[in-house]
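> Structure provided below as structure tokens; questions to follow.
The values are calculated or read from the model by the stated rules, or taken from the named source; none is laboratory data. Predicted model only: the values in this text are computed from it and were never measured. Here the Cβ is made from the backbone with ideal geometry for all residues, glycine too, and neighbour counts use every protein chain on show. Side chains are part of the model used for accessible areas, which takes the heavy atoms of the whole protein and leaves out ligands, DNA and RNA. Shrake-Rupley method; radii C 1.70, N 1.55, O 1.52, S 1.80 Å.
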Amino acid sequence: MVGILIYGYTHGVFSMRELEKRCCEDLSFMYIARMSCPNFRTLNNFRKDNAAFFEESFIQTVQLAMALNMASLGHISFDGSKFKANSSKHKAMSYGRLKEKEQKLCAEIEELIKQGNDCNNEEDRDYQDKSSYGLPDELAFKQSRLETIQSAKKALEAREESIKPGQKIDDKKQISFADHDARIMGKKGSFDYSYNPQISVDGDFQIIVGQHVSQNANDKKEVEAGLESIQNAADKFPDMISLDNGYFSGENLKALGDNKVDAYIATDRNDKKHSESLDESERKLVKSDFRYDEEEDCFYCPNDQVLTLKNQGAGGNRVYQGDITVCANCPFFSRCSQSKKGEARTMTTDKHEGLRQAMRIKMEQEKAKEIYKRRKVIVEPVFGQIKNGGFRGFSLRGKEKVAGEFSLVCAAHNIKKMVKAIMMGSVCPAFG
């Protein structure tokens, strides 16, 4: 069963019906299946019910690649990409709509029960017969619908609580009836229910050495889980790691620092220095033009004015602002102030601003730039190879099952890389 699934996934066959057909018609699949022809339901149930086993299968491919010296963990690159969930955005409902629908159905059910009881009481009185009829079809349908609505509402509340603990849920937040764990993701006007799988790719032979499936639409909280997946598969951390600016967040930087990993992360657009000169009258001042003092917990503007802490939000965001009486006479005021009311410049950050500043300085060095350049030829082609191989969306539903399927996808990718290296002569394993 494992051989059939892995061989199917390496050859772009993800449909279990198609896989059953291939096992009856295709010689290579017949050989892998040992002339057996499993039913498509048997194949699908095996794939659906063995998520943990496929995770272990992926780990075995990583260890095999390391034994073949195809993965040294010298330079690892992280990245994530959206894959469509097995759900439709047209079969979903917002939190506000769920609450309204729940109240409406409860009222309708209560009214139907009242009408049924009144009718039964009248019949019992008229015919002296205490046997009442069962629930009418309309009532059974509405009760079934109410259970579906309440299940989706509960799942949405649990999901949002795990992502934003203690915060009020926005009525516009949506949930799919088909897959409660999937979330709306997308860009450039194209949105659909998706997952955000993350992979860690070794720079030697593009072996995936770590992977996990995320429900977050962005990558700002993915490094800790990514490092854990590498540790589980390879039993050690990489020497260095490169990531794009989507990972440039305080939580990610802290996770890398806590685990003492040599990281290279592209900074945000506003965090890059445009020029060393401040005499360019057309250029607006960006965040990188301001210096953060971690000991004093304040910012210094290019004219050495202090931006002090004004307030701190419940989510950990901190807002710093200068003194308008000083700003008004500053020669850089027109290029600095972003307020339409002419107020002093503000800076928004969190408690990890010191880590951001250190990474900005590090990424300005030529050595760091050369190391980071390799990221695009390490990890980005891997997602391209997976998608060009035909895998663009999940067949299973629920995060746990989706994670198992993605483990199978990554295991198949690693096996293809190892087979190609052996066929090309790059690796010569001594069997026996």
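> Among the residues of segment 72-99, which ones are farther than 30 Å from residue 173 by Cβ and open to solvent by less than 10 Å² (accessible area, probe 1.4 Å)?
73, 76, 77 - these are the residues of segment 72-99 that are farther than 30 Å from residue 173 by Cβ and open to solvent by less than 10 Å² (accessible area, probe 1.4 Å).
> Still on this structure, I have one more. Would it be correct to say that residue 264 is aromatic (Phe, Trp, Tyr) and at pLDDT 90 or above?
Taking the combined requirement at face value, the residue satisfies it.
> OK, next. Answer yes or no as to whether residue 88 is at pLDDT 80 or above, closer than 22 Å to residue 179 by Cβ and either touching a Ser or Thr at 6+ places or on another chain (Cβ under 8 Å) or assigned to a loop (DSSP other than H, G, I, E, B) (or both).
Values: at pLDDT 80 or above: yes; closer than 22 Å to residue 179 by Cβ: yes; either touching a Ser or Thr at 6+ places or on another chain (Cβ under 8 Å) or assigned to a loop (DSSP other than H, G, I, E, B) (or both): yes.
In short, yes.
> I would also like to ask the following. Scanning for something open to solvent by 60 Å² or more (accessible area, probe 1.4 Å), at pLDDT below 95, within 23 Å of residue 77 (Cα to Cα) and part of a loop (DSSP other than H, G, I, E, B), does segment 168-177 turn up at least one residue?
Scanning segment 168-177, I find no residue that is open to solvent by 60 Å² or more (accessible area, probe 1.4 Å), at pLDDT below 95, within 23 Å of residue 77 (Cα to Cα) and part of a loop (DSSP other than H, G, I, E, B), so the answer is no.
> Sticking with this one: Among all residue pairs at least 6 apart or on different chains, which show Cβ distances below 8 Å where the first residue, located in segment 362-381, is over 13 Å from residue 76 (Cβ atoms) and of a type outside the set (Asp, Glu) and the second is at pLDDT below 95 and exposed (fewer than 13 other Cβ atoms within 10 Å of the Cβ)?
Listed pairs, sorted by first residue: 363/369.
> Which members of segment 42-70 meet the condition of being open to solvent by 10 Å² or more (accessible area, probe 1.4 Å), touching a residue at least 60 places away in the same chain (Cβ under 8 Å) and small (Gly, Ala, Ser)?
51, 52, 57
> Related question: Of all residues in segment 7-25, count the ones that are touching a helix residue (DSSP H, G or I) at 6+ places or on another chain (Cβ under 9 Å), without any contact (Cβ under 8 Å) to a residue 24 or more places away in the chain and open to solvent by 40 Å² or more (accessible area, probe 1.4 Å).
Number satisfying all stated conditions: 7.
> Are any residues in segment 226-261 open to solvent by 40 Å² or more (accessible area, probe 1.4 Å) and in a helix (DSSP H, G or I), and if so, which ones?
228, 231, 232, 245, 251, 254, 257, 258
> Here is a follow-up. What's the number of the condition residue 181 fails, among (1) crowded, with 19+ Cβ neighbours inside 10 Å; (2) outside any loop (DSSP other than H, G, I, E, B)?
(2)
> Can you name the residue in segment 309-337 that is outside any strand (DSSP E or B) and aliphatic (A, V, I, L, M) and is also modelled with the lowest pLDDT among such residues?
Applying the filter and picking the extreme gives 314.
> Next up: Name every residue in segment 26-41 that is open to solvent by 70 Å² or more (accessible area, probe 1.4 Å) and either under 34 Å from the mean Cα position of the chain (by Cα) or under 17 Å from residue 392 (Cα atoms) (or both), in order of residue number.
Residue satisfying the conditions is 41 alone.
> Can you pull out every residue in segment 1-60 that is assigned to a loop (DSSP other than H, G, I, E, B) and among the hydroxyl-bearing types (Ser, Thr, Tyr)?
Within segment 1-60, 15, 36 qualify.
> Among the residues of segment 341-388, how many are open to solvent by less than 30 Å² (accessible area, probe 1.4 Å), in contact with a Phe, Trp or Tyr (Cβ under 6 Å, 6 or more places away or on another chain) and of a type in the set (Ser, Thr, Tyr)?
0
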